[in-house]
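What follows is a set of notes on a single structure, which appears directly below.
The values are calculated or read from the model by the stated rules, or taken from the named source; none is laboratory data. Since this is a predicted model, take the numbers as computed values, not measurements. Reconstructed Cβ throughout: ideal geometry from the backbone, glycine too, with neighbour counts over all protein chains shown.
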Amino acid sequence: MIFKNIRTIKSIQTFVALITFAAGVSLVVTPSTAQQISIDEFIRVRCTTTGENVYTQWQGSMYAFVPQERQRKLFNILGMNVARCIKNKQGEWQLLSRELNYYLDPKTNKIVHKWENSWTGETVAIAHVANNPVQNVVSGSPKSEVSGTNVTFVVDVPLTYPNVLANDAKFKDYSPEKLYQAGEFFKLTTSLEELRNSTHGVKNMHIDWMRVSPWLPWMKMKGKPGYLVYSATGRKLANFEELSPLLKEEINSRLPLYKEAPRCFLAAENESSWSYFGKYFAEYLKAERFPIAAPVTQDVCEN
């Protein structure tokens with residue numbers, strides 16, 4: 001499958017919106033039997049062919065690795081994505097979405113807004129993830145492999161591109177690296193029988209996700225060597241009400257924009273944790289609550 005809007009890969013939570021496939025990627029499960037999955041079947045796995053909102057939730061852990069130190073668990077993570085798949089005038093499928101991800105106290109599982117950075121001795125504000133939009137045009141014929149009654153897609157996405165914060169001196173303590181270097185690693189599994197028998201979309205989809213990334217800008221690591229590892233699992237939900245109470249409360253009270261996916265391909269660059277941090281840096285310095293409140297707004301469509 002080919003990305004026609006490859007900038008989507010820059011999102012921290014390529015996790016759910018970007019469970020699509022780079023050209024030439026072979027999807028392997030062993031032992032297995034090769035199966036040809038059409039683009040329409042993939043759309044039925046990822047969202048639906050009827051253009052309705054599709055919700056996905058994930059949960060897991062985030063770890064810090066510093067050379068010659070024992071690794072540390074920093075946070076639990078909890079996130080969601082709301083997506084819609086529609087066809088453009090050229091008959092290509094567009095995957096349109098928004099997503100949230102929260103860093104939680106590993107003991108209480110509650111949202112935290114301050115973090116004591118034991119490496120620098122500073123206490124910093126936490127910028128939770130709010131990516132709007134995360135959108136892409138997908139095409140091609142993805143390969144897949146079947147093990148038993150399930151079909152699993154395995155996708156490794158190495159990421160290297162210019163750091164959007166690197167050329168601004170005010171971010172030198174937050175993200176000084178010239179290049180952003182990371183990797184996203186996905187396994188997307190569903191029942192082959194359900195996929196073949198589905199008319200508009202499968203109900204059951206399980207996701208395994210691992211991510212390796214630089215320190216997040218808000219951690220203010222001042223160039224210290226090290227990196228982060230995310231490990232999470234998730235699934236496709238039946239509706240908004242199946243989201244965790246924490247996510248529903250955040251969306252209903254502060255972030256109603258994230259209750260629905262975009263209705264068109266937006267005239268906007270895809271958001272990432274790095275671009276979001278730069279956009280709301282003044283609010284971050286004031287220790288305002290993240291994500292920044294997001295009321296419902298009119299979608300501005302790309303021409």
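What to note about this one:
- Some residue of the stretch 222-234 being under 20 Å from residue 47 (Cα atoms), touching a Lys or Arg at 6+ places or on another chain (Cβ under 8 Å) and surrounded by fewer than 16 Cβ atoms within 10 Å (Cβ to Cβ): no
- Of the listed requirements (1) in a strand (DSSP E or B); (2) closer than 17 Å to residue 227 by Cα, residue 136 misses just one: (2).
- Residue check for residue 258: within 26 Å of residue 64 (Cα to Cα), in contact (Cβ under 8 Å) with a residue 60 or more places away in the chain and either in contact with a helix residue (DSSP H, G or I) (Cβ under 7 Å, 6 or more places away or on another chain) or buried (at least 20 other Cβ atoms within 10 Å of the Cβ) (or both): no
- Near pairs, Cβ below 7 angstrom, 6+ apart or cross-chain, from the stretch 184-195 (among the polar types (S, T, N, Q)) to any residue that is surrounded by fewer than 19 Cβ atoms within 10 Å (Cβ to Cβ) and assigned to a strand (DSSP E or B): 189/150; 189/206; 190/150; 191/150
- Residue 195 vs. criteria surrounded by 15 or more Cβ atoms within 10 Å (Cβ to Cβ), within 30 Å of residue 87 (Cβ to Cβ) and either more than 20 Å from the chain's Cα centre (by Cα) or among the polar types (S, T, N, Q) (or both): yes
- Residue list for the stretch 9-64, filter: surrounded by 24 or more Cβ atoms within 10 Å (Cβ to Cβ), modelled with pLDDT under 80 and in contact with a strand residue (DSSP E or B) (Cβ under 6 Å, 6 or more places away or on another chain): 11, 13, 14, 15, 16, 17, 19, 20, 21
- Checked across the stretch 93-102, the condition of being part of a loop (DSSP other than H, G, I, E, B) and either polar (S, T, N, Q) or surrounded by fewer than 14 Cβ atoms within 10 Å (Cβ to Cβ) (or both) holds for no residue.
- Candidates 176, 158 - the one that is touching a residue at least 24 places away in the same chain (Cβ under 8 Å), in a strand (DSSP E or B) and either out of contact with any strand residue (DSSP E or B) (no Cβ under 9 Å at 6 or more places or on another chain) or under 23 Å from residue 227 (Cβ atoms) (or both): 158
- Test: residue in the stretch 126-141 that is within 23 Å of the chain's Cα centre (by Cα), farther than 30 Å from residue 301 by Cα, at pLDDT 95 or above and not aromatic (Phe, Trp, Tyr): yes
- Whichever residue in the stretch 209-224 is within 16 Å of the chain's Cα centre (by Cα) and not basic (Lys, Arg) and, among such residues, is farthest from residue 124 (Cα to Cα): 209
- Of all residues in the stretch 209-228, those satisfying the criterion of being aromatic (Phe, Trp, Tyr) and either in a loop (DSSP other than H, G, I, E, B) or touching a Pro at 6+ places or on another chain (Cβ under 8 Å) (or both) are 215, 227.
- Residue count, the stretch 160-185 (criterion: within 13 Å of residue 220 (Cα to Cα), charged (D, E, K, R) and surrounded by 13 or more Cβ atoms within 10 Å (Cβ to Cβ)): 2
- Selection status of residue 279, farther than 22 Å from residue 118 by Cα, under 19 Å from the mean Cα position of the chain (by Cα) and surrounded by 14 or more Cβ atoms within 10 Å (Cβ to Cβ): no
- Residue list for the stretch 199-225, filter: at pLDDT 95 or above and among the polar types (S, T, N, Q): 204, 213
- Tallying residues that are closer than 18 Å to residue 99 by Cβ and in contact with an Asp or Glu (Cβ under 7 Å, 6 or more places away or on another chain) within the stretch 252-274 yields 5.
- Extreme residue, surrounded by the most Cβ atoms within 10 Å (Cβ to Cβ), among residues of the stretch 65-87 that are more than 19 Å from the chain's Cα centre (by Cα) and within 30 Å of residue 239 (Cβ to Cβ): 86
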